[in-house]
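The values are calculated or read from the model by the stated rules, or taken from the named source; none is laboratory data. Please read all numbers here as calculations on a predicted model, not as lab measurements. Cβ atoms come from the backbone with ideal geometry, glycine included; neighbour counts cover every protein chain shown. We work out accessible area using only protein heavy atoms, side chains counted, and drop any ligands, DNA or RNA first. Shrake-Rupley method; radii C 1.70, N 1.55, O 1.52, S 1.80 Å.
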Amino acid sequence: MSALMVDFIISLDGYGGAEGWPGYWGMEGPEYLAWLEQDSLKGEPIQLMGATTYRLFAEHLAQADDPASRALAAARKIVFSSTLSEPLSWANTELVDNDPVAAVRDLKRRESRELRTIGSLSLVRTLLSAGLVDRFRVVVFPVITGATGRERVFDGYPDLSLELVESRTFDGSIQLLEYVPTVLDGPPAVES
């Protein structure tokens, strides 16, 4: 039985990127990069993504020559899309063009390796709503991109309660927060 980990890298105000800013908002430090490289090589997870993330990563990371990019290129990747068609150009990538909830339920039952998402906001929203996410990991960079931010990560997500199971600070300012999520039917009742 496999577990599903959702990974996000965000600004403090919840954006996944910002217009004109470099990757990692230009704030990645040696501790964070070392952790990222070590994490990408740990356990050979199966990477899940949607079409938009696939297009972005296949174009930019497939040719990169750093350890994390090489590990991702070598990893088994599953893309959920009704707009892409096979053959896919990025090595070790398979296409699933049907219901991602049913496919991930089946993967969780059949696979022993961890499943992880990369970006893929709408895919994660769907999997969270279905209660399929076992861990929710967020790396928060110390920047607010209110004027230039794009891709608000949590918009449209279900209400969740999050149990903190790990936290860490990298390079004195970057925060790693790992949670076990529980989908809520609504706000908790207030006792009077």
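Taken over region 173-192, the criterion of being assigned to a loop (DSSP other than H, G, I, E, B) and farther than 20 Å from Asp13 by Cβ is satisfied by Leu184, Asp185, Gly186, Pro187, Pro188, Ala189, Val190, Glu191, Ser192.
Let me confirm something: among Arg125, Arg113, which residue is of a type in the set (Lys, Arg) and either part of a loop (DSSP other than H, G, I, E, B) or touching a helix residue (DSSP H, G or I) at 6+ places or on another chain (Cβ under 9 Å) (or both)? Reasoning before the result, please.
Working: Arg125 fails: either part of a loop (DSSP other than H, G, I, E, B) or touching a helix residue (DSSP H, G or I) at 6+ places or on another chain (Cβ under 9 Å) (or both).
Result of the check over Arg125, Arg113: Arg113.
For first residues located in region 144-168 and closer than 12 Å to Asp13 by Cβ and touching a residue at least 40 places away in the same chain (Cβ under 8 Å), partners that are open to solvent by less than 60 Å² (accessible area, probe 1.4 Å) and in a loop (DSSP other than H, G, I, E, B) and lie 6+ apart or on another chain with Cβ distances below 6 Å form the pairs Ile144/Asp13; Gly146/Asp13; Arg152/Gly14; Val153/Gly14; Phe154/Gly14.
Pairs meeting the criteria (first residue in region 128-143 and assigned to a loop (DSSP other than H, G, I, E, B), second residue open to solvent by less than 10 Å² (accessible area, probe 1.4 Å), beta carbons under 6 Å, at least 6 apart or on different chains) are Leu132/Leu4; Leu132/Val104; Val133/Leu4; Val133/Val6; Val133/Leu127; Asp134/Leu4; Val143/Ser11.
Of all residues in region 21-57, those that are assigned to a helix (DSSP H, G or I), touching a residue at least 12 places away in the same chain (Cβ under 8 Å) and either among the small types (Gly, Ala, Ser) or more than 24 Å from Thr126 (Cα to Cα) (or both) total 11. Residues that are open to solvent by 10 Å² or more (accessible area, probe 1.4 Å) and at pLDDT 90 or above were ranked within region 108-119; the one that is nearest to Leu36 (Cα to Cα) is Arg116.
Against the definition (open to solvent by less than 20 Å² (accessible area, probe 1.4 Å) and part of a helix (DSSP H, G or I)), how does Val79 come out, yes or no?
no
Every residue, every condition in (1) in contact with a Phe, Trp or Tyr (Cβ under 7 Å, 6 or more places away or on another chain); (2) open to solvent by less than 50 Å² (accessible area, probe 1.4 Å), yes or no:
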residue: Ala3; (1), (2): no, yes
residue: Ser11; (1), (2): yes, yes
residue: Gly20; (1), (2): no, no
residue: Pro45; (1), (2): no, yes
residue: Thr52; (1), (2): no, no
residue: Asp66; (1), (2): no, no
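For region 135-159, which positions are open to solvent by less than 70 Å² (accessible area, probe 1.4 Å) and touching a helix residue (DSSP H, G or I) at 6+ places or on another chain (Cβ under 7 Å)? Outline the logic, then answer.
First, pick out the residues of region 135-159 that are open to solvent by less than 70 Å² (accessible area, probe 1.4 Å): 136-143, 145-146, 148-149, 153, 156-158.
Phe141, Val143, Val153, Gly156, Tyr157, Pro158, listed by residue number.
Just to be sure before I move on: is Ala73 without any contact (Cβ under 8 Å) to a residue 24 or more places away in the chain, buried (at least 17 other Cβ atoms within 10 Å of the Cβ) and farther than 23 Å from Tyr157 by Cα in the structure I sent? So Ala73 fits the description; yes.
Every condition in (1) closer than 30 Å to Gly20 by Cβ; (2) of a type outside the set (Asp, Glu); (3) touching a strand residue (DSSP E or B) at 6+ places or on another chain (Cβ under 7 Å); (4) surrounded by 14 or more Cβ atoms within 10 Å (Cβ to Cβ) holds for Arg125 except the one numbered (3).
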